[in-house]
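Novice: Once you've had a glance at the structure underneath, I'll fire off some questions.
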Amino acid sequence: MDEFDPAAELGLFPDKCMICNCRGFLTKNNNVRDLCARFIRNGAHFYDVLSRYDDLTAYVLGREEATAGNVLKWVVPFLKANGATDHLMHVYSRECLEMMPNADRTMRYISSIMPTFITTSTYGHGMLGIYEELDAPLCDVLCTKVDLDPATFGRAESRKIREMGQEISALRIPKTVYELDVPMNVDEKDVMIIRKLDEILQDRMPELTAMNLMESTTPVTSHKKAYQLLDIRRQTNIDLDSTVYIGGDHTDYQSLDLVNDSGGLAISFNGTDFAVRGCTIAIMSKDSTVGAVFAEVFYNKGIQAALDLANNWERKHLKNCDFSDPYLVENLLEVHKRKLPEVIVVDNRNVDEVAARSDEYRRKLLGA
């Protein structure tokens, strides 16, 4: 154990890694919501109701069995009952894919300096197009596995599932905003969502063979992302204080919080309210280049250098600062000639304000 390791002494083994989510950093669109809109009547709203229920049970009610991201398996029987097939999901996912500007260049750069992983809730059908667009030597990808074609529904069962979908779509989503770990009364409309979805998912769906398809789907939930983070640590022997995690979904909160608490660099990139509450730095940007800048600074100089950069985030400082890769910063300044992306170090004093600003920015940039 104490023997001299010449390879390690020469720095041949990576000592830092980067893990990221897709939406907000690499892609703009919500692949699963797009699929619901394509195959299910009033599907976008249908997805939003299920997603609301997902957040309510995981973060507001704090149910022991709940974990953010289960919406990925809940929608699967409804897609199947409305005519979706694996091939059609592949084709439509490719057609509606919207990449963030410079995402391909950003990922190629980061993966050239350290091991790079993607952990995303997106279905495998949607990840194929993302692979092609990025063209980067990624070490590993974790995404939601689902296989529709082997499952068979009878006409009567399909009709029942479609009727349940219409009941879900008829529910209304309130504008009430809940804060993480802050006790609040649940809005009456949210109570209706909880009761109806509990009835459908816990009482009525288990009576159908469609339940087997739902249970065979392996969604990348918030817990799954956190487990993957720890598994990457075990496989690479790279501790969390040497990890960059870039995420923006509700499902990234646990992973961001783990990296942040361990002294690593946890970046909320165009993040939701909950994502910001787990991060070290919040970034609001229309393109991905700034993510490469912070990954490079963290890789070469560590967490304090990344924090110093965020605290002095202005054009003059970027032009005069001594960067290991000045060409990368020049590219950032060229892309953002008029206004730099917004970068903020998050702490207990500003987290509420930054979370609200980031959530609003995300909605304007990415939509629902």
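Each value in this text was obtained by applying a stated rule to the coordinates, not by laboratory testing. The structure displayed is predicted, hence computed values, not measured ones. All Cβ positions, glycine included, derive from the backbone under ideal geometry; neighbour counts span all protein chains shown.
Novice: Which whole-Hz couplings ³J(HN,Hα) result when phi for each residue of the stretch 85-101 is put into the Karplus expression 6.51 cos²θ - 1.76 cosθ + 1.60, θ = phi - 60°, listed in order with x for Gly and Pro?
Specialist: Karplus-based 3J(HN,Hα) across the stretch 85-101 equals 10, 4, 5, 4, 5, 4, 4, 5, 4, 5, 5, 9, 5, 10, 7, 5, x Hz.
Novice: So if we plug the beta-carbon distance of Tyr227 and Glu179 into 1/(1 + (r/R0)^6) with R0 = 25 Å, what FRET efficiency do we get, rounded to 0.05?
Specialist: On the way: r = 26 Å, r/R0 = 1.04.
Efficiency for this residue pair is about 0.45.
Novice: Quick one: which residues, 5+ away or cross-chain, put their amide H under 5 Å from the amide H of Met99? H built at 1.01 Å from N.
Specialist: Those qualifying (amide H under 5 Å, at least 5 residues apart or on another chain) are Lys28.
Novice: Apply the Karplus curve 6.51 cos²θ - 1.76 cosθ + 1.60, θ = phi - 60°, to the phi angles in the stretch 351-356 and return the couplings in whole Hz, x for Gly and Pro.
Specialist: These are the phi-based 3J(HN,Hα) values: 4, 5, 5, 5, 4, 5 Hz.
Novice: Mind sorting His45, His250 by how few other Cβ atoms lie within 10 Å of their own Cβ, fewest first? The partial results should precede the final answer.
Specialist: Details: His45 20, His250 23.
Sorted ascending by nearby Cβ count, the order is His45, His250.
Novice: Would you work out the relative contact order for the chain, in percent, from Cα pairs under 8 angstrom that are 6 or more residues apart?
Specialist: 20 percent
Novice: Also: What FRET efficiency comes out for the pair Ser324/Arg63, r = Cβ-Cβ distance, R0 = 51 Å, nearest 0.05? Walk me through the intermediate numbers first.
Specialist: On the way: r = 46 Å, r/R0 = 0.91.
E(calc), rounded to 0.05, equals 0.65.
Novice: Here is a follow-up. Classify the chain as rounded, prolate or oblate from the Cα gyration tensor: take a ≥ b ≥ c as the square roots of its eigenvalues, call it rounded if a/c is under 1.5, otherwise prolate when a/b beats b/c and oblate if not.
Specialist: Numbers: a/c = 1.90, a/b = 1.66, b/c = 1.15.
Since a/c reaches 1.5 and a/b is larger than b/c, the shape of the chain is classed as prolate.
Novice: I want the local charge near Ala356. Using Cβ-Cβ distances under 12 Å, sum +1 for each Lys or Arg and -1 for each Asp or Glu among the other residues. Kindly include the intermediate steps, with their values, before the conclusion.
Specialist: On the way: positive: Arg277, Arg357, Arg362, Arg363; negative: Glu179, Asp273, Asp352, Glu353, Asp359, Glu360.
Taking every other residue near Ala356 into account, the sum is -2.
Novice: Identify all aspartates and glutamates with a Cα-Cα distance to Lys80 below 12 Å; exclude those on the same chain that are fewer than 8 residues away in sequence.
Specialist: Straight-line reach from Lys80, under 12 Å: Asp147, Asp149, Glu157.
Novice: What shape does the stretch 54-161 have by the C-alpha gyration tensor, where a ≥ b ≥ c are the square roots of the eigenvalues, rounded means a/c under 1.5, and otherwise prolate means a/b greater than b/c and oblate the rest? Display every interim value, and only then the final one.
Specialist: Numbers: a/c = 2.77, a/b = 1.49, b/c = 1.86.
Oblate.
Novice: Is the stretch 298-353 rounded, prolate or oblate when judged by the Cα gyration tensor, a ≥ b ≥ c being the square roots of its eigenvalues, rounded requiring a/c under 1.5 and prolate requiring a/b larger than b/c? Intermediate values should be presented prior to the final figure.
Specialist: Working: a/c = 2.53, a/b = 1.35, b/c = 1.87.
Here the stretch 298-353 falls in the oblate category.
Novice: Counting only the backbone N, which residues of the stretch 66-97 are under 12 Å from the spot 7 Å out from the Cα of Val141 toward its beta-carbon?
Specialist: Hits in the stretch 66-97 for Val141 at 12 Å: 94.
Novice: May I ask you to derive the FRET efficiency for Arg204 and Asp287 from their Cβ-Cβ distance with R0 = 45 Å, giving the value to the nearest 0.05? If you can, show how the numbers build up before the last one.
Specialist: Numbers: r = 45 Å, r/R0 = 1.00.
That pair, Arg204 with Asp287, gives E of 0.50.
Novice: For the stretch 103-204, which trypsin sites (Lys or Arg not before Pro) pass both filters: DSSP loop (anything but H, G, I, E, B) and at most 16 other C-beta atoms within 10 Å? Don't jump to the answer; show the numbers that get you there.
Specialist: Values: sites: Arg105, Arg108, Lys145, Arg155, Arg159, Lys160, Arg162, Arg172, Lys175, Lys189, Arg195, Lys196, Arg204; in loops: Arg172, Lys175.
When the trypsin sites (Lys or Arg not before Pro) of the stretch 103-204 are filtered for loop state and at most 16 Cβ neighbours within 10 Å, Arg172, Lys175 remain.
Novice: I've got another one for you. Using θ = phi - 60° and the Karplus curve 6.51 cos²θ - 1.76 cosθ + 1.60, what whole-Hz ³J(HN,Hα) does each residue of the stretch 332-342 get, with Gly and Pro shown as x?
Specialist: 4, 5, 5, 5, 10, 5, 8, 8, 6, x, 8
Novice: Counting other Cβ atoms within 10 Å, keep those with at most 14, restrict to DSSP loop, and tell me which trypsin sites (Lys or Arg not before Pro) in the stretch 310-368 are left. If you can, show how the numbers build up before the last one.
Specialist: Numbers: sites: Arg315, Lys316, Lys319, Lys337, Arg338, Lys339, Arg349, Arg357, Arg362, Arg363, Lys364; in loops: Lys337, Arg338, Lys339, Arg349.
Answer by residue number: Lys337, Arg338, Lys339, Arg349.
Novice: In the stretch 276-368, which GluC sites (Glu not before Pro) fall in coil by DSSP and have 12 or fewer other Cβ atoms within 10 Å?
Specialist: Details: sites: Glu296, Glu314, Glu330, Glu334, Glu342, Glu353, Glu360; in loops: Glu314.
Passing sites in the stretch 276-368 are Glu314.
Novice: Normalised by the number of residues in the stretch 223-336, what is the relative contact order in percent for Cα pairs under 8 Å and 6+ residues apart?
Specialist: Relative contact order of the stretch 223-336: 18 percent.
Novice: Please order Met107, Met214 by the number of other Cβ within 10 Å, starting at the fewest. Walk me through the numbers before you get to the answer.
Specialist: Working: Met107 26, Met214 22.
Going from sparsest to densest Cβ surroundings: Met214, Met107.
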